[in-house]
Amino acid sequence: MPIYPLEQFEQDAKAALKEREDREAYERLNAPKTIVVRFGYLRMVGEFPYTGDAKPGCGSKLVVKTHRGTELCEMLTSTCRNAGCSKSVTRKEMLEYIQNSGGKQYPFYDQGRVLRIATGDDLNEMSRLEQKKNEYKLIAKQMIERTGLKMQIIEAEPLLGGDRVVFYFSAEERIDFRDLVRDLQDAIGTKAELRQIGARDEARITADYERCGQYCCCKSFLKVLKPVSMKSAKIQKATLDPLKISGRCGRLMCCLRYEDETYDELRKNLPHRKSRVGTPDGDGMVISTQILTQLALIRLDSGIEVAIPIENLTEPGLAKAPDPGEARAVRSARGGDGQAGEDSRSKGRRGTRPKSGNRTEGSRQSAENTSGSQSSTDAPPKKKRRKRKPRNRSNTPGGDGSANPKTGQEPSYGPGSERGTSGAAEEGSAGPKKKRRRRKRKRGPRPEGGSPESGGGRPDSPNQE
């Protein structure tokens, strides 16, 4: 009777063989020289040297000596020559990650060392200290109420060695807590450290899950907590309801900052609102735009609204030419009959005519000669306006260059007359005197008869004294 292998048995055998091969390959590796760990309630990151023979894996608990004291930490990865395996990274990759995560602002520490892999006793000791932190918080709150300081205790963090307890508090202003530190150290019997933090760091310590269903970014991987402005929410067209865009800390959610740079780059390609653009369907005005889809809603001159990709937009006036049949239909609709259409085309060739008020007789005659015979329906030409020549007042019998009221003789304007010689010399500056003569002439009637010698002339005559 033949025996057929079952598919499930074959898959289990392959998985067991692969696991054994990985274990053998890991045993052949050397122990790491440096280990990247995460420690503290603020989830600080550091790289410390390791001199042990054991080869811990990612997620292992280690006892390390940091700048704060002896504490329990979690192993993230190792940086060593075993970069080929899946449990370590190269130093170059680690530095690139730090640079992309905030650079100098990234809380990275290298002052310390890994003492050993945490044992069962270390884990039990840490659990005992964790149970006493509520007692430490209660003592600190009572002392704050007694001293009247405006501060609020958020969390108390005991270290593994039992030589220090770190108190995190929040306050609106800077607090002088030197006396409080001394009282706390006497009450708890160990060294106390007070550290003021902001709202985002408070959420990093106390928060757990966000409304998206994921663990809070500030508690899982985000180390640099930069402020987020309302501009990011407006650019991403998110709702401006503070209850929907605020995180557990009461500030704007940090995830609004993740795609802010991408939105800025994409927004530069979009046209401005209420600007005229050209489209394959004709010119129009931009009503709105979409950043991610790179579409623009255009209201064409015909009144139709269309959504067009920005790569199809051109300058206004560069749209494709209409069909010849459509052009003839448009011209016939505008011109009416053939003669009217021909007149409109001839007018377009002649160009725009000047206004009738500024046209002279010579320009009118030239226009008539070029246009040929005019139809009877054209408007009659306007009357020619005569230019008024400026009158120069001179020493004439009338006193103002006019005829003598008694003799009726006109003044002489010849080359030898007194109008252009003696009259101008005697008047001096003729401008202001002309204005005075006109004003006085309007105020009263001209006196009757008499020559300048007899005193019967105008009182403002230049020869009258």
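A short reminder: the numbers here are calculations on the coordinates, not readings from a lab. Given the structure is predicted, the values throughout are model-derived calculations rather than measurements. With ideal geometry, Cβ positions are generated from the backbone for all residues, glycine too; neighbour counts draw on all protein chains shown.
Look at the dipole of the range 206-265 built from charges on Cβ: of Ala207, Cys255, Ser220, the Cα furthest out on the positive end belongs to Ala207. For the range 119-125, putting each phi into the Karplus relation 6.51 cos²θ - 1.76 cosθ + 1.60 with θ = phi - 60° gives couplings of 9, x, 5, 5, 5, 5, 5 Hz, in residue order, rounded to whole numbers and with x for Gly and Pro. Per-residue 3J(HN,Hα) values for the range 193-208, derived from phi via the Karplus relation 6.51 cos²θ - 1.76 cosθ + 1.60 with θ = phi - 60°, read 10, 9, 9, 8, 10, x, 5, 6, 5, 5, 5, 4, 7, 9, 7, 10 Hz in sequence order (x marks Gly and Pro).
Per-residue Karplus couplings for the range 107-115, computed as 6.51 cos²θ - 1.76 cosθ + 1.60 with θ equal to phi - 60°, are listed in order as x, 10, 10, 10, 8, x, 7, 8, 7 Hz, Gly and Pro entered as x. Close amide H pairs (under 5 Å, H built 1.01 Å from N) link Leu159 with Arg164, Val166, residues at least 5 positions away or on another chain.
Counting only C-alpha contacts under 8 Å and six or more residues apart, can you give the relative contact order of the range 124-197 as a whole percent? Spell out each step's value before the answer.
On the way: 101 pairs, mean separation 22.3, N = 74.
So the answer I get is 30 percent.
Eigenvalues of the alpha-carbon gyration tensor of the range 206-265, scaled by 5 and square-rooted, set the equivalent ellipsoid semi-axes at 19, 14, 10 angstrom, largest first. For Thr34, the amide hydrogen comes within under 5 Å of the amide hydrogens of Tyr50, Thr79, counting only partners 5 or more places away or on other chains and with H modelled in the peptide plane.
Annotation: amide H-H contacts under 5 Å for Leu295 (H modelled 1.01 Å from N, sequence separation of 5 or more, or interchain): Gln290.
Mind listing which GluC sites (Glu not before Pro) in the range 147-228 are in a DSSP loop and have 11 or fewer other Cβ atoms within 10 Å? Working shown, then result.
On the way: sites: Glu155, Glu172, Glu173, Glu193, Glu202, Glu210; in loops: Glu172, Glu173, Glu210.
In loop regions of the range 147-228 (DSSP not H, G, I, E or B), the sparsely surrounded GluC sites (Glu not before Pro) are Glu172, Glu173.
Between Thr119 and Gln294, the distance separating the two model label sites (each 7 Å from Cα on the Cα→Cβ line) works out to 6.3 nm. Projecting label points 7 angstrom from Cα along Cα→Cβ for Gln11 and Met230 puts them 5.5 nm apart.
Can you figure out the FRET efficiency of Ser302 with Arg38, using R₀ = 60 Å and their beta-carbon distance, to the nearest 0.05?
Working: r = 63 Å, r/R0 = 1.05.
The value I calculate is 0.40.
Electrostatic bookkeeping for Gly161 treats Lys and Arg as +1 and Asp and Glu as -1; over the other residues with beta carbon under 10 Å from its beta carbon, the sum is 0. Relative to the current alpha-carbon distance between Tyr106 and Glu130, full extension at 0.36 nm per residue lengthens the span by 5.9 nm.
Placing pseudo-labels 7 Å out from each Cα toward the beta carbon at Leu138 and Asp208 gives an inter-label distance of 2.2 nm.
Over all other residues within a Cβ to Cβ distance under 10 Å of Ile235, the charged ones net out to +1, with Lys and Arg as +1 and Asp and Glu as -1.
Calculated on the alpha-carbon coordinates, the convex hull of the range 124-197 measures out at 75 cubic angstrom per residue.
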